[in-house]
Structures are given as C-alpha cells and as structure tokens.
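Take a look at the structure set out below.
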Amino acid sequence: MEPTVRISRDQHVWSFSENNEPVVTVEPGTVIEIETWDCFTGQVTSEADTVESLDLTRINSATGPIAVVGAEPGDTISVSILDIRPERRGAAMCIPGWGQLIDHVTSPTTRIFTVEDGMITMNDRVKFPAKPMFGVIGVSPASGDIETFAAGRHGGNMDDHMNGRGATVHLPVYQSGAQLAIGDMHASMGDGEISGTGVEIGGTGLIKVDLIKNKASHWPVTETADAFYTHGTSADDINEALNAACEEAFRLLVDEWSFSPEDAFMFLSVAGDLGIAAYYHPSPGCVTARMRVPKLDSNPAPFRRG
C-alpha cells in the first residue's frame, strides 16, 4: 500500500497527554508513513556513548500525535503495522542498576549493531535475523500526562516484540481523535528485554489506522494471523501485570464470545500462553505481560463485530 500521509520524526512528543494536539488528522483507513528516532533520539553514534553521557530527558520520543476522525472514548483504534524498515546502525546497552544480570558485567557498556539484508551483526561471531518492532505505541490517556517511558492502559512503552510487521494493535480510545503516537523502534528485542534495551534503532514504518466504534478493551490488544495477545502492565510488580493480562483475555472471551467463566478459565489454561514482554528487573522502568489467545472458530478475533 502507498501512504497518503507522511510524518517526520521531528514531529514527536515526550508524553501521552490529554492536552496533546495532533500534527495530522486522518480518516479511518488511511495509510501513513512514519519516521521514528531510536530511543536515544540520535544521541548514540559510537560505543563511547554510554548511558552516562546521555541527556535522559531525550529518551523514547514518539512520532505524532495522529488524530483519527470519529474516534471517541469507548471506541478502539486499530493500528496495522504494514512494514518496518530499520536504519543500518543500532545500539544496545548495559545500564548500571538495570536487569537481572547486571552484577555479572562491567558497566556501563554500549555495543553498536549493524542491520543489512534482514540480518543483524553483533560482532565477528554473532549474527541473527532481524525482527523489527515498535516499543512505544499508544494514545492519549483519560486524564493527565504519562511519559513515553511508561506503559499502561493507553499503551505507551509496552516493549512487546509481537508489535511488529503484520500485527494489528488495538488501542482503547480515551480522548477525541485518540492522539496516536509511535516510536522506540527495535531491529530486534527478546522477551523480557532483560538489559533494558533491544537493538535500539531509527527507521521508517508503514501503518494503517482503522476505527472500531463502540468497542473497547481495558488494555491494548495485539492481533496476528493466528492469535490475539492481551496485555497488562505495572510500574514494578510482575504479578500485577500477569494478572491484568489474564483478566483481559478472560473478559474478552466471556463478554465478546459468550464463554462461560469456567470455560474461559480452563481454555486459557490448556490453550493460552502467559508470558512476559518486558521485565528488566531491578530497574526504574515498567513491566509488561501478555496472554496469547489462539484464534478459533469460537473466538476468531478480539472483538465480535457488528
């Protein structure tokens, strides 16, 4: 699909806010090309640029906001990620105080990765396939300001590698127009993101925005060809995040697809997959959990249409 709207990475925000003004307003069904910074906003150019040299007020910019015509509280905007094209160079870090293995390494440390022909080169010995995704994707919250480093019911810094090519991210709407913003591209990121970084990289994405009226989840839901993934987040409590992801999957099965509570509970136990998207602990960041719900004839999508 060819985009009809293009947005530069120079048009960005540092928080999801009830007071954000859109840089562009689009009709549902619009295809948009968005350019995004890496999470460091271009500050890392070599392995000498460690976290201690960065301006930490310039972290996780999100391109936008994009207003969607007709989107009102109680609706859902659906963001289909048609393509993600990373740039050639990205970076990952070991950050003092962050991550399960931080006591085993000398830090701070930065590594530069190269991306070419769908492969990531870490060093002379280590190469692996790229799996580009967006770490930050969200809308304006019901009230107040939420920095782009945080995650919540509005989305934000979910850091779920399922939010990549071919996925559709369904976001509940809290403000007129929704005010979508996207950033924090990774060329690759593992479940947990245990050092606090993926391969942080700038690039260009191609998205399509759609609107579902009078339907909304309590948390963002990512849809792929064969499953949908409910999310839950917390500032620092993994159990709180896991429980929220389970509750959301349960609610959709019961409310949208008429599962009995008992059947929904058992189905998620025998066919669902509960996992962790982001948990670099200890850290001052956020925790994201997800529940994978397979698509079946009984529940072919997150929402029952019509």
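The values are calculated or read from the model by the stated rules, or taken from the named source; none is laboratory data. Keep in mind that what you see is a predicted model, and the values were worked out from it rather than measured. Glycine also receives a Cβ, built like all others from the backbone with ideal geometry; neighbour counts cover every protein chain displayed.
A few remarks follow.
- Subset tally (residues that are acidic (Asp, Glu), in contact (Cβ under 8 Å) with a residue 24 or more places away in the chain and over 22 Å from ALA71 (Cα atoms)) for region 123-146: 0
- Filtered residue count, region 112-134, keeping only those that are assigned to a loop (DSSP other than H, G, I, E, B), surrounded by fewer than 15 Cβ atoms within 10 Å (Cβ to Cβ) and aliphatic (A, V, I, L, M): 1
- Test: residue in region 65-83 that is touching a residue at least 40 places away in the same chain (Cβ under 8 Å), in a loop (DSSP other than H, G, I, E, B) and hydroxyl-bearing (Ser, Thr, Tyr): no
- Residue count for region 266-299, restricted to those that are surrounded by 15 or more Cβ atoms within 10 Å (Cβ to Cβ) and more than 17 Å from VAL221 (Cα to Cα): 7
- Hey, THR50 within 30 Å of ALA216 (Cα to Cα) and of a type in the set (Ser, Thr, Tyr) or not: no
- Number of positions in region 173-196 that are in contact with a Leu (Cβ under 9 Å, 6 or more places away or on another chain) and under 20 Å from SER80 (Cβ atoms): 3
- Flag for PRO302 being surrounded by fewer than 17 Cβ atoms within 10 Å (Cβ to Cβ) and either at pLDDT below 95 or closer than 30 Å to GLY196 by Cβ (or both): no
- Pick from region 157-178, criterion of a type in the set (S, T, N, Q) and either at pLDDT below 95 or under 24 Å from TRP14 (Cβ atoms) (or both), ranking: farthest from the chain's Cα centre (by Cα): SER176
- Residue under evaluation THR45, criteria (1) surrounded by fewer than 23 Cβ atoms within 10 Å (Cβ to Cβ); (2) in contact (Cβ under 8 Å) with a residue 24 or more places away in the chain, criterion not met: (2)
- Region 219-236: number of residues that are modelled with pLDDT of 95 or more and farther than 20 Å from SER140 by Cα: 7
- ASP103 touching a Gly at 6+ places or on another chain (Cβ under 6 Å) and either within 28 Å of THR224 (Cβ to Cβ) or free of Cβ contacts under 8 Å to residues at least 60 places away in the same chain (or both): no
- Considering region 89-126, the residues that are within 30 Å of ASP236 (Cβ to Cβ) and of a type in the set (D, E, K, R) include one that is nearest to the chain's Cα centre (by Cα), namely ARG111.
- Among the conditions (1) over 19 Å from GLU200 (Cβ atoms); (2) modelled with pLDDT under 95; (3) not in a loop (DSSP other than H, G, I, E, B), the only one that MET1 does not satisfy is (3).
- Residue within region 135-143 that is crowded, with 19+ Cβ neighbours inside 10 Å, of a type in the set (Ser, Thr, Tyr) and in a loop (DSSP other than H, G, I, E, B) present: yes
- Only a single item in (1) farther than 19 Å from VAL173 by Cα; (2) under 16 Å from the mean Cα position of the chain (by Cα); (3) assigned to a strand (DSSP E or B) is not met by GLU33, and it is number (2).
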